[in-house]
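> This is the structure I want to talk about, given as structure tokens.
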Amino acid sequence: MKEDKIYKLLVSKMQEIALVPPQTIGSFTPLYKKIVPRFKYYPWKSALIISLASTISLYLVLGSTLVKIASLLQFGF
């Protein structure tokens, strides 16, 4: 029977992938594992929540200056 080089290559790649340990980010790993599925399955909902929260927090920090910055950026583009 003829040797199948492609099959051997695929088997070696599969074994290589199977040996990769799970990635960890130190003490942030549990938080990462909770947050990432939400971004994966609900990207638009996550983007809406993040943009709304960042807009409100920027408004609380910068106040009416945020409106001036937005107007300046709109004028520039």
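> On C-alpha positions alone, give me the angle between the axis of helix 65-76 and the longest principal axis of the chain, in degrees, nearest 10.
Rounded to the nearest ten degrees, it is 70.
> Just the ratio, please: alpha-carbon radius of gyration of the chain over 2.2 N^0.38 Å, N its number of residues.
2.09
> Hey, another quick one. Can you give the angle from 0 to 90° between the axis of helix 29-41 and the longest principal axis of the chain, with both taken from C-alpha atoms, to the nearest 10?
Result, in degrees: 80.
> Using the alpha-carbon atoms, what tilt in degrees (0 to 90, nearest 10) does helix 43-62 show relative to the longest principal axis of the chain?
Helix 43-62 sits roughly 40 degrees off the main axis of the chain.
Readers should treat all values here as calculations from the given coordinates under stated rules, not as data from a laboratory. None of these values were measured; they are calculated from a predicted model.
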